[in-house]
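The values are calculated or read from the model by the stated rules, or taken from the named source; none is laboratory data. Bear in mind the structure is a predicted one, so any value in this text is a computation, not a measurement. So basically every Cβ, Gly included, is an ideal-geometry build from the backbone, and we count neighbours across all protein chains shown. Only protein heavy atoms, including side chains, enter the accessible area calculation; ligands, DNA and RNA are left aside. Shrake-Rupley method; radii C 1.70, N 1.55, O 1.52, S 1.80 Å.
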Amino acid sequence: IPGFWTSAVESCIAKIKNNQQGRNCVTFPFFSDHHVRGGYVGALIAKIMQECNIPYCVFGGDSISSGYMKDGVSEMIRDEYKFKDLMSYIPEGRLIRTPGNHDGYCAVSADERYYYTKDQIYDLFFRDIAIQQNKHFDSDGTSLYVDDLASKTRFIMLDTNKKMVNNSSTGKTVTDEQLAWLKNEAMKFDEPGWAIVFSSHQPMSN
C-alpha cells in the first residue's frame, strides 16, 4: 500500500469494523467501470478484505476500454489481462463480477465494431473463476451466483448485456433464458433466512 493511502485505508478499516455486528452483518467492497485505470485499487481492496475478514469483492463490470484491433489482437484482450494483473492482490476466487457494456466488443475501425460471442466472453472473463466449485453459472456462463455461508447471503451477478452479440447492441436487457435460470436456480434455497445481493452493470430496462 503506498504511504499516501495508509491513513485513509486505516480509517476505512476502523469504520467497517465498527459497523460489523453479528452473523447478520454483510460486508463487501463494490467497484465498477475500472477501464484499466487506478492501479492501486486491487491492493487497497485486498488489504481491507484481509483486515475486515470480508469474503467477496463485487466488480460491476467494464474492466476494459473497448479499444481497437492491433495486429489481429484486440485491445480488449490486452486490457483484461492488465486488469487481472492489477486485481491479483485479491485472493483467488474472491473477486466476483458481471460483464459491462464495454466488455463485449472492440472497434475494427471508426465505424465498425466486432462483437464477441458469449463463449468468447466466458473464456476471457469467467473461465478462470469457474474452476471454483462454489460458483454457479447460467447456460451462457456470463451470469452467476455465489453464497457467503457465514452471513447466509447470496450474491447474484446478472448479465444485462445478453443481446450484445452478432453486431446488435441492445443492452440493458435480460433474456427469457436468464430469467428462467434466475427463477429456477439462482433464487432457490433449501432453507429460509437468506439475504440476496443483486448486481448488474446496467439497470434492467425490461
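Observations
- Residue match in segment 30-38 (condition: touching a residue at least 60 places away in the same chain (Cβ under 8 Å), open to solvent by 60 Å² or more (accessible area, probe 1.4 Å) and charged (D, E, K, R)): yes
- Number of residues in segment 84-117 that are modelled with pLDDT of 85 or more, outside any loop (DSSP other than H, G, I, E, B) and either charged (D, E, K, R) or over 19 Å from ASP159 (Cα atoms) (or both) equals 7.
- Within segment 112-164, the only residue that satisfies the criterion of being surrounded by fewer than 20 Cβ atoms within 10 Å (Cβ to Cβ), aliphatic (A, V, I, L, M) and closer than 20 Å to ASP79 by Cα is ILE129.
- THR27 satisfies every condition listed in (1) assigned to a helix (DSSP H, G or I); (2) surrounded by 18 or more Cβ atoms within 10 Å (Cβ to Cβ); (3) at pLDDT 85 or above except (1).
- Comparison of SER151, SER199, SER205 shows that the only residue that is modelled with pLDDT of 85 or more and in a loop (DSSP other than H, G, I, E, B) is SER151.
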